[in-house]
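A short write-up of the structure that comes next.
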Amino acid sequence: TIMMRSYMADYSKWEEMCRVYTAHIVERYGEDTVAKWYLHCYNEPDLKHFFYWNAPDYKTRADEYCKMYAAFTRGLRAVSSKLMIGGLALSESPDHFEFLEYFLNFVKANNLPLDFLSYHSYGTEPETMREGTKPLHVMGAYYNTMTVKRIAKLCGFGDVPTVCDEWGA
């Protein structure tokens with residue numbers, strides 16, 4: 001049996017780190033400039049090898065990310081209400097769409113800010129590309145984009161802009 005413990009024992013430390021860093025960039029570049037930036041909490045939290053690698057399933061990983069996101073939003077809002085807060089910068093993990101839905105439901109239930117959704121799209125899953133079972137194709141990227149939009153709409157975030165901030169050919 002694997003003993004599970006919280007990925008991050010004290011989210012107040014993450015919140016404070018986000019607040020201090022955000023205060024620094026606002027002081028350095030100005031609030032009006034930073035308010036134009038797309039600030040997201042963490043890169044590819046749906047990827048097991050990037051985030052909470054020993055979690056038994058995506059729901060456990062998503063739950064931890066949601067706690068982290070909530071602390072992130074509090075930290076940034078303590079600096080400025082003008083900042084654009086969002087995420088997830090999802091990869092194309094096997095359960096990334098389920099992770100997205102879990103996250104959006106959490107954001108809605110907790111009335112958290114979500115000014116944009118970000119995701120990555122490579123036109124296929126990396127595993128299938130390596131295996132040669134599903135080649136890279138623009139229709140895969142189109143499918144991912146439209147699925148993110150569909151899930152966002154179903155969860156009540158249809159008007160939230162989506163940003164593909166990492167992509168393949």
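Key figures
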read-out	value
Among residues of the stretch 136-163, those that are out of contact with any Cys (no Cβ under 8 Å at 6 or more places or on another chain), assigned to a helix (DSSP H, G or I), within 21 Å of I85 (Cα to Cα) and open to solvent by less than 80 Å² (accessible area, probe 1.4 Å), counted	4
Residue that is within 23 Å of V148 (Cβ to Cβ) and either outside any helix (DSSP H, G or I) or hydrophobic (A, V, I, L, M, F, W, C) (or both), where the choices are K82, K108, K48	K48
Qualifying residues in the stretch 44-92 (those that are of a type in the set (G, A, S) and under 12 Å from the mean Cα position of the chain (by Cα)) - the one farthest from H120 (Cα to Cα)	A70
Members of the stretch 7-39 found to be outside any helix (DSSP H, G or I), open to solvent by 60 Å² or more (accessible area, probe 1.4 Å) and in contact (Cβ under 8 Å) with a residue 12 or more places away in the chain, listed by number	Y7, K36, W37, Y38
Members of the stretch 108-124 found to be out of contact with any Gly (no Cβ under 9 Å at 6 or more places or on another chain) and either open to solvent by less than 10 Å² (accessible area, probe 1.4 Å) or under 15 Å from P45 (Cα atoms) (or both), listed by number	Y119
Complete set of residues in the stretch 50-107 that are among the β-branched types (V, I, T), buried (at least 20 other Cβ atoms within 10 Å of the Cβ) and either free of Cβ contacts under 8 Å to residues at least 24 places away in the same chain or over 23 Å from T162 (Cβ atoms) (or both)	V79
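The values are calculated or read from the model by the stated rules, or taken from the named source; none is laboratory data. Given the structure is predicted, the values throughout are model-derived calculations rather than measurements. Note that each Cβ is placed from the backbone with ideal geometry, even for glycine, and that neighbours are counted across all protein chains shown. Side chains are part of the model used for accessible areas, which takes the heavy atoms of the whole protein and leaves out ligands, DNA and RNA. Shrake-Rupley method; radii C 1.70, N 1.55, O 1.52, S 1.80 Å.
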